[in-house]
Structure formats: C-alpha cells, structure tokens
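What follows draws every value from the coordinates through simple rules; no lab data is involved. Remember, predicted model here, so these are calculated numbers, not experimental data. FYI the Cβ positions are ideal-geometry reconstructions off the backbone, even for glycines, and counts take in every protein chain you see.
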Amino acid sequence: MKLISVNVGLPRDVIWKGRTVTTGIFKEPVTGSVRLRKLNLDGDRQADLAVHGGPEKAVYAYPAEHYAYWRSELARTELPWGMFGENFTTDGMPEDETNIGDTFRIGSALVMVTQPRMPCYKLGLKFERDDMLKRFLNSLKSGFYFSVLEEGEVAAGDEIKLVARDRNNITVEDITKLYSTEKGNDVLKRRAIEVAALPESWRHYFSKQLSNR
C-alpha cells in the first residue's frame, strides 16, 4: 500500500446556482513532507465544520484505483489527484478490504479508519453535475476518513503499513451499503453497532433503525 498524493486546500468562495458557497473541496497536490495534526494537515482546512472535519474526519482518503472508473463514467480524461476533495490519494486500499477500525502507519503518523464519506452537494459543485451525488453513492466508491492517533510527517510516496486489523471485520463498503443498497440488512447493522471505532452518530443511526422495526 502506498500514499500516491497528499492534497491540501483552504476554503474558497465559489458561485453555485446563483449563490456564493464557501467550500474546502478544492485540493491540490503538494510536494515534500506535510505535518499531519489531530484535525487536519498543515495548509488544509474544512469550510463547514458542522458536517466536515473534526477528530473523526481529520483526513479524507480516496483510492487512486477509482480514477479510471470515473474517467470512463464521466467521459473526462483530465482528473487530477485531489479531484474528489481527498487529502490522501491511496494505492492498495479498496473499501471492500479496508475495515472500520484498521490502524495504519503513514510516514511517522498513525491513523485509524473511522467511516466512509457521505457526499454533500459540494461534490456536485466540484464536478458541475447535479447527478454526481447519486452516482457517487451508488458506485460504492466512497473513500474513507481517518482519525489521527499520532501526529507526524507524511509525504507522497510513503508506504502505508497496516499496524492492526479490526477484529469485527466490518468494511468501509459495508457501512456504505447499509446507507444505500442494503438498508434492510439488520444482521449487518447489529455487527456494525459493535464496532467501537465507528462514530457514535453512525451507531445511533443504525440502532434507531433497528428499534423501529
């Protein structure tokens, strides 16, 4: 596994459907080492902290392998690293093989997978497509968030080393499916609730659904 690109960006104002929107989704690759802190990378910020950022969404990672799919799906030959608003573009970390709670060493930092990315309208803004949110969610190519267990330096080209595998074996893709294509899978929901690394908001969401059966 490898860190292909490190991407950062500060919030900016853009015009979307006739109104001004502040967004941090525009990220660009950087060279050299970057300090990864508890809430974000140096040089990077989130715009709307109500739904983005925080300790459980400190870093957003997106598999480089998905770019070929999107180039074909969207008929776009130019998709630079960071196009999906990710901080880390990764190699060898597909959502169906990466567990919630898995811990990795990247550079000198230690990170843990917490949850998939649920897209908001700003993804549609970035791609200038109203259908992008639906396409993204249905693709199950969500990417995932890391929390930062130990701050450190990271750089493009760093090896991503698995330190510990979460024993619950609930993958990032499992959580996305429960939100989209497998909403009625109560067995998987009960297993997901047992994952301590899954944020409380997700566990509450699944528990509420089960209690309403």
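Of interest is the spacing of the C-alpha centroids, which for segment 136-213 and segment 69-108 amounts to 15 Å. Got a sec to turn the phi values of segment 153-170 into Karplus ³J(HN,Hα) couplings, 6.51 cos²θ - 1.76 cosθ + 1.60 with θ = phi - 60°, whole Hz, x for Gly and Pro? Along segment 153-170, the couplings run 9, 10, 7, 4, x, 5, 6, 9, 10, 6, 9, 8, 9, 5, 6, 6, 6, 9 Hz.
Within 9 Å, Cβ to Cβ, of Ser142, how many net charges do the neighbouring residues add up to if Lys/Arg are +1 and Asp/Glu are -1? Please list the in-between numbers first.
Values: positive: Arg117, Lys141; negative: Glu95, Glu173.
Net charge in that neighbourhood comes out at 0.
By the rule of a C-alpha distance below 16 Å, with chain neighbours fewer than 8 residues away ignored, the aspartates and glutamates paired with Lys17 are Glu128, Asp130, Asp131. With 24 Å as the limit on Cα-Cα distance, the pairs of Lys57/Lys161; Lys183/Lys208; Lys2/Lys126; Lys134/Lys177; Lys57/Lys141 that go past it are Lys2/Lys126. Packing around the peptides 109-116, 68-75, taken as the average count of other Cβ atoms within 10 Å per residue, puts them in this order, highest first: 109-116, 68-75.
Each principal axis of the chain carries a Cα extent, and these read 45, 43, 32 Å when sorted largest first.
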